[in-house]
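Here, each number is a calculation from the coordinates, and none is a lab measurement. Since the model is a prediction, treat every value here as computed from it, not as a measurement. When we count neighbours, we look across all protein chains shown, and the Cβ atoms used for this are built from the backbone with ideal geometry, even at glycine.
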């Protein structure tokens, strides 16, 4: 994870990859994943239970929060973001079944100044649910995808 690099201007949207994974391992509600392509780690993401309001969702528990999503800058623009986001939804469905919880989908917030992120999430089947102003890095769009879509 330490070898993953952020692209220009991305530090305002996502944190340090290694720290994100370590934070994920430290909390029972977080499930960190390594994004792999051709046998190499090319990114990370975390699914978190009970934290959907952090993305502007109306409640905590009806959706998984997708956070800390990063594709290494050297692998961006190759379609890995949408594939990984869609795979995160499949992983969330498996977690929901295994844990016996009631999450119906995955929610995230993406900065309005991040057109590549907005496009990747739309391509992965996430729908825009409006503006969210509660984040620390400017106006966000709350996006959601059902586990069954």
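What to note about this one:
- Rounded to the nearest angstrom and listed largest first, the equivalent-ellipsoid semi-axes of region 10-146 from its Cα gyration tensor are 20, 18, 15.
- Taking the fewest neighbouring Cβ atoms within 10 Å as the starting point, the ordered list for 109, 146 is 146, 109.
- Residue order, fewest to most surrounding Cβ atoms within 10 angstrom, among 33, 121, 40: 40, 33, 121
- Computed extension gain for residue 61 through residue 102, at 0.36 nm per residue and net of the alpha carbon distance, reaches 14.0 nm.
- Panel order for 101, 96, 46, by other beta carbons found within 10 Å of each beta carbon, from fewest to most: 101, 96, 46.
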